[in-house]
Amino acid sequence: MTPEILLVLAILAAAVVLLITEWIPMEVTALLALGAVAVTGVVKPAEALAGFSNPAVVTVWAVFILSGGLTRTGVAKVIGDFVLRIAGRREATMIVVIMATAGVMSAVMNNVAVAALMLPVVMDIARHTGTAPGRLLLPLAYGSLLGGLTTQIGTPPNILVTDALQEAGFDSFAFFDFTPVGLAVMAAGTAFMALVGRHLLPRGSAVSQSSAGRGSGWKTRYDLQERLFHIRVPAGSILVDKSLAQIRMGTILGWNVIAIGRGEQSIPAPGPDDTLRPGDLLTVEGRIENLNELKNWYELDVEQKDVGFQEFLADALTTVEVALESTSRTAGGTLNSLDFRGRFKVNVLAIRRGGQVKRTNLQDEILQSGDILLLSGPPERIAELKAEDGFGRLRQVAMDELAEVYHLPERRMVMRVPASSGLVGKSVRDSRLGDALGIHVLGVLRGDAPPIAPDPEEILQAEDRLVVQGRLPDFAILRGLEEMIFVRDSRPNTEDILSAEVGLMEAILSPQTTIEGKTLRQIQFREKYGLNVMALWRRGKVHSAHLREMKLQFGDALLLLGPHGKLEMLGREPDFIILTQTAQEELRTHKMKLSVLILGGALLPVLLGWIPIYIAAVVGAALMVLSGCLTMEEAYRQIEWKAVFLIAGMLPLGGALNQTGAAQLIAEGVVGLVGPYGPKAVMLGLIALTFLATCFIPTAALVVLMAPIVLNTSANMGLGPQGLMMAVAMAASASFATPISHPANILVMGPGGYRFIDYLKVGGLLTLLTLVVLMTVMPVFWPLSP
């Protein structure tokens, strides 16, 4: 084994580990692999970058845009309405129609986009027929995956193996060469789901037509009814005449106030500016036991005197002003959305804008160019800010200026952590003093030890004395919350909070979302959309506490409460999919025929053999934008850039496997292991390996790595490579066994209420069936002969 082969195999092993563990984003792993093979000299630098101009990569992103044009012009909606008319009410019939429709659409559209488009349609079918969504949504996802097997552009793996054969100098695949085998697999998969698979799907809760939009279908899944209760505002409460925004009940306790009863009057879905009155009866969604968390903060012993504070400031902390310049990347964001404290490890004590100084509720204040931030932190952290772009006029602030301009001494306190406090053993971050009360922990005085300028992960100990910047009245809010009267003899009902004005709906992140990885607080969801997030369903588990701090993930399902108009407005946001057709964004239906003509015009010359598919796809994508079927911004959003960078980054590694002889070495191992049992055994081994790998490795990256191995294996055995290449491509695309195998599987997980085991049961059997069909049908159409 040569040093070059060892090097390439080491890079391959590292890439596979990173792809499986996802310690870093997959596309970053691909780019690192690209850089590794170039820097080590395994491939030339120009060859390493050639993946970005590879015909397969170009075809993939152009097909995404073509698919987007059909989406925005309402082609999918027309098909969905047709499905709704012919599906009937028998479950088996509905499954067949849904899978067949999704399959036909996926033959020429991105299968994730098909699943996203059909989701609201299938949810409406569930509501109209009283069927649990979980009985229909997994068939939808699997139908979209099966349909992609039937054409050359149906999935990226089909495109990639076509290009790999052409690059190697073999007769490549035409547009419909995948169709006979793909249709056989799709027909078998659809029959399996209708006859066998549906009996393994979770029963869940049926959603009747009468309950559409009224929330009863989600009571059981989200455990909503169990989290509703009444509390009353006592007379003389400090909370009287304060707005919900000032009380910050959601931030402190994770509670949503979803209605206010005031005498005979009811205020449904109150906004942050609504104020409380004596005797108000609040309908609250949350956990009543969260009141116990108040005790952790309420027991803190607040000392008015700032013992040792002056010395602490002088020795351990530096306080400076810094101006946000017009070039600052922080302008337009909030301290919370920017994770300012986490990034720079300093506290923002105040924001000066013009002649006004703001010292409270800074986390959600939108920063502007020209703002002066008052920062406090260790000297080494402050020094690092000088190298940051966009921070200008950094100067140290004297003690007297802190008092005269910012009035900070009057907001300083020392708080002792009693030994009995629940905060003992928690980090400063987990104590939530900053999030809940807006208090900045500037330092920790611990016995006779020198003052500590705490990191967010500093663990609090018994009898610690915290030097903080905050307001004593904030603790009065805690007292007011603790004094709220829990109404034990009155239990609210979900139906009671809904009306002609207020509704309850589910939403999921769209495949084109830009907010994945951000929290609801960072995107200011409540303030921007005027909706309450009641609960979040993620991978089989309901989350209802501290939702504003959870980072959103693709596949999350959000249960939303708010005015119908606000819900419909959210349906027009490209980051979300509302799971009912009535709240979907307005489509350009007048361009529908034009988008279909553009698609047909792009495919016709390919079928006639006049031009390559990548040229036709690019021209078609350009015409979709030029004709107004898509805007340029929408076209960019339709492209799955993760897939594009993943393929382009991994292609040089695939080339390195081939050039160094590593692929030949692996192929010899495959032939030596299963070759004596014949060509079918080789195909079985490659298909089984691909099926297993799809559970961990993205399909596009897997096919890029498998292609040179398959080509070398077929050469070693003297076989035509077409059958083996097609088998591997179809095995990679048939990603049924786990939710993480394919984005379409994740997309339906939340709305369908699925657990990981559901995919293993149904998808595992469907995978075995696909293996049998491929082994039976593939040699008929693509004989494993020289």
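The values are calculated or read from the model by the stated rules, or taken from the named source; none is laboratory data. The structure displayed is predicted, hence computed values, not measured ones. Every residue, glycine among them, receives a Cβ derived from its backbone with ideal geometry; neighbour counts consider all protein chains shown. Surface accessibility is based on the protein's heavy atoms, side chains included, excluding ligands, DNA and RNA. Shrake-Rupley method; radii C 1.70, N 1.55, O 1.52, S 1.80 Å.
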(request) Report, by residue number, each residue of the stretch 87-145 that is within 30 Å of residue 606 (Cβ to Cβ) and not in a helix (DSSP H, G or I). (result) 107, 108, 109, 110
(request) Output the number of the condition that residue 629 fails; it satisfies all remaining conditions of (1) assigned to a helix (DSSP H, G or I); (2) touching a residue at least 60 places away in the same chain (Cβ under 8 Å). (result) (1)
(request) Answer yes or no as to whether residue 696 is in a loop (DSSP other than H, G, I, E, B) and open to solvent by 20 Å² or more (accessible area, probe 1.4 Å). (result) yes
(request) Exactly one condition in (1) over 36 Å from the mean Cα position of the chain (by Cα); (2) under 15 Å from residue 487 (Cβ atoms) is not met by residue 229; state its number. (result) (1)
(request) Might you let me know whether the stretch 439-452 holds any residue that is under 30 Å from residue 290 (Cα atoms) and in a loop (DSSP other than H, G, I, E, B)? (result) yes
(request) Please go through the stretch 13-43 and pick out each residue that is at pLDDT 80 or above and crowded, with 20+ Cβ neighbours inside 10 Å. (result) 15, 27, 29, 30, 33, 34, 36, 37, 42, 43
(message) Being hydrophobic (A, V, I, L, M, F, W, C) and under 35 Å from the mean Cα position of the chain (by Cα) is the requirement here; does residue 715 meet it?
(response) no
(request) Scan the stretch 448-463 and report the pairs whose first residue is under 14 Å from residue 317 (Cβ atoms) and open to solvent by 50 Å² or more (accessible area, probe 1.4 Å) and whose second residue is hydrophobic (A, V, I, L, M, F, W, C) and modelled with pLDDT under 70, with Cβ atoms within less than 7 Å and a gap of 6+ or a chain change. (result) 451/312; 451/316
(message) Tell me the residue from 673, 630, 626, 608 that is open to solvent by 50 Å² or more (accessible area, probe 1.4 Å) and touching a Gly at 6+ places or on another chain (Cβ under 8 Å), please.
(response) 673
(request) Considering only residues that are touching a helix residue (DSSP H, G or I) at 6+ places or on another chain (Cβ under 7 Å), hydrophobic (A, V, I, L, M, F, W, C) and outside any helix (DSSP H, G or I), look in the stretch 393-413 and name the one that is most open to solvent (accessible area, probe 1.4 Å). (result) 394
(message) Can you go through 369, 431 and tell me which one is open to solvent by 50 Å² or more (accessible area, probe 1.4 Å), among the polar types (S, T, N, Q) and either without any contact (Cβ under 8 Å) to a residue 24 or more places away in the chain or more than 15 Å from residue 319 (Cα to Cα) (or both)?
(response) 369
(request) Looking for whichever is more than 24 Å from residue 156 (Cα to Cα) and buried (at least 24 other Cβ atoms within 10 Å of the Cβ) here; the options are 750, 718. Which one fits? (result) 750
(message) So the check is Cβ under 8 Å with 6+ separation or different chains; which pairs have a first residue in the stretch 317-338 that's within 25 Å of residue 468 (Cβ to Cβ) and without any contact (Cβ under 8 Å) to a residue 12 or more places away in the chain and a second one that's assigned to a strand (DSSP E or B) and small (Gly, Ala, Ser)?
(response) none
(message) Take the residues in the stretch 249-272 that are closer than 16 Å to residue 526 by Cβ and assigned to a loop (DSSP other than H, G, I, E, B); name whichever of them is most open to solvent (accessible area, probe 1.4 Å).
(response) 272
(message) Pull out all pairs, ordered by first then second residue, where Cβ-Cβ is under 7 Å, the residues are six or more apart or on different chains, the first lies in the stretch 377-389 and is within 16 Å of residue 452 (Cα to Cα), and the second is part of a helix (DSSP H, G or I).
(response) 378/316; 381/344
(request) Kindly list the number of the only condition in (1) at pLDDT below 90; (2) touching a helix residue (DSSP H, G or I) at 6+ places or on another chain (Cβ under 7 Å); (3) assigned to a helix (DSSP H, G or I) that fails for residue 737. (result) (3)
(message) Being among the polar types (S, T, N, Q), on the phi < 0 side of the Ramachandran plot and modelled with pLDDT under 80 is the requirement here; does residue 361 meet it?
(response) no
(message) Residue under question is residue 511, and the condition is that it be part of a loop (DSSP other than H, G, I, E, B), modelled with pLDDT under 75 and surrounded by 15 or more Cβ atoms within 10 Å (Cβ to Cβ); does it hold?
(response) no
(request) Would you check if there is a residue in the stretch 551-564 being assigned to a loop (DSSP other than H, G, I, E, B) and either of a type in the set (Val, Ile, Thr) or more than 24 Å from residue 25 (Cβ to Cβ) (or both)? (result) no
